[in-house]
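Peer 1: Questions regarding the structure given below will be posed in turn.
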Amino acid sequence: MKDRIRHIVESMVISIIFWAIVICFYTLIRYYDLKSETVVVETNDRFMTGFGELLRTGLYLGVMIGFFYAILDYIFDHYLFLRLHMGFLLLIKTLSYLFLLIFSVTVIMSFVESISGLDLPNERGWWRERKIFWVFVAYFSMFSLIFSFLKIARRRFGRDVLLNLLLGRYAKPREEERIFMFLDLRSSTAIAEKLGHITYSAFIRDCFLDLNNVLDEYKAEVYQYVGDEAVLSWKYDMGLKHKNCIRLYFDFEGRLHGRSDYYTKTYGILPEFKAGLHGGKLVVVEVGSVKKELAYHGDVMNTSARIQELCNSFGENLLISGSLLKDMKLNGLFESREIGQLNLKGKSQVQVLFAIRKAQKKP
């Protein structure tokens, strides 16, 4: 819960900073063109042309828009995204943002008017005939699209990866140290036969939506979804920190069990996932030109996938390589048990495997 609150606060701070900068930039533009189309009404033979006054007004407006924008975004992303059709959702979002602009500008104008003595446009329905307001709406819409694009790109690649892509860091192969988790649905073939392909797809979608709700909390990045399998990744130190790569699995498992009523009523099945964890050095590079993406190459990927495949053989849900476990100090919440070895074809080195479970509470 604390991590989730921290994530919400972080998103709100980012939104406030972004919109404060964007709106202040708009006031800078208007400062040099203020008299061509008057934004404020002349009072006592003077205009509010002082840059300091305009900048403060823009800052107030940007903070207010950023605050409510973050709230609306959270509501749409977490409560309405799957309940509304895309077209209707876009219509509701557009109207909500328009109301947000009208409300925010009116409140800020009233506030500035009360402390400056100027007669500013804040009467009822003032925005209908004000051309400058609709210019502001177009400006807001453009940067709203940019903000949404950055959010989507950050979710797709991760914050640091997005920045590195923009800087062209992965245009040539680079070596990195990362942790990978291959997460796969148990008994997927039998479940698919029972549900049928359409219902099964909805079932997988719901599982991965529950997975998405815990990704940010444990700093995980989604490398790819392959059918009923998700491949997650961490920077090596970030995966070790606070046992993020292990805690994510058990939090995801707990979330599925917490929604058991929904899954059993909707699909007649409670999903169960198995996972394999391994880490080490590999190579990352941008591939493709039509659909450009990052690709990871190296034994870490193959070993992680093989470890996950052995979950069924050993009757375990979460397996981890000995080399990764050696770098991770388990606390009292988890316990490990050595269960076997993994011999990779063409490799002389043997990986010792461990099963990870939640520690049993002492009576």
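The values are calculated or read from the model by the stated rules, or taken from the named source; none is laboratory data. The structure presented is a predicted model; accordingly, all values stated were derived computationally and were not measured. FYI the Cβ positions are ideal-geometry reconstructions off the backbone, even for glycines, and counts take in every protein chain you see.
Peer 1: Just for region 71-124: of the residues that are closer than 30 Å to Asp216 by Cα and among the charged types (D, E, K, R), which one is modelled with the lowest pLDDT?
Peer 2: Arg83
Peer 1: Within the group Leu256, Leu209, which residue is surrounded by 14 or more Cβ atoms within 10 Å (Cβ to Cβ) and of a type in the set (A, V, I, L, M, F, W, C)?
Peer 2: When all the criteria are applied, what remains is Leu256.
Peer 1: To continue, here is another question. Which of the following residues is surrounded by 13 or more Cβ atoms within 10 Å (Cβ to Cβ) and not in a loop (DSSP other than H, G, I, E, B): Glu338, Glu286? Spell out how you get there, then give the answer.
Peer 2: Details: Glu338 fails: surrounded by 13 or more Cβ atoms within 10 Å (Cβ to Cβ).
After ruling out the rest, the residue left standing is Glu286.
Peer 1: Scan the helices (runs of 4 or more DSSP H) fully inside region 157-237 and keep the ones with 2 or more residues being small (Gly, Ala, Ser).
Peer 2: Filter on region 157-237 gives 188-195, 197-215.
Peer 1: Filter region 284-312 for residues that are under 15 Å from Phe273 (Cα atoms) and either free of Cβ contacts under 8 Å to residues at least 24 places away in the same chain or of a type in the set (A, V, I, L, M, F, W, C) (or both) and give the result.
Peer 2: The answer is Ala305, Ile307, Leu310, Cys311.
Peer 1: Of the residues Tyr218, Tyr236, Tyr223, Tyr249, which single one is assigned by TED's automatic domain parsing to the domain that holds His297, among the aromatic types (Phe, Trp, Tyr), more than 18 Å from the chain's Cα centre (by Cα) and surrounded by 15 or more Cβ atoms within 10 Å (Cβ to Cβ)?
Peer 2: Sole residue among the options that is assigned by TED's automatic domain parsing to the domain that holds His297, among the aromatic types (Phe, Trp, Tyr), more than 18 Å from the chain's Cα centre (by Cα) and surrounded by 15 or more Cβ atoms within 10 Å (Cβ to Cβ): Tyr236.
Peer 1: For Leu55, state whether it is at pLDDT 80 or above and either assigned to a helix (DSSP H, G or I) or farther than 22 Å from Glu10 by Cβ (or both).
Peer 2: No, not satisfied.
Peer 1: Give me a count of the residues in region 212-228 that are over 25 Å from Asp327 (Cβ atoms) and of a type in the set (D, E, K, R).
Peer 2: Of the residues in that region, 1 qualify.
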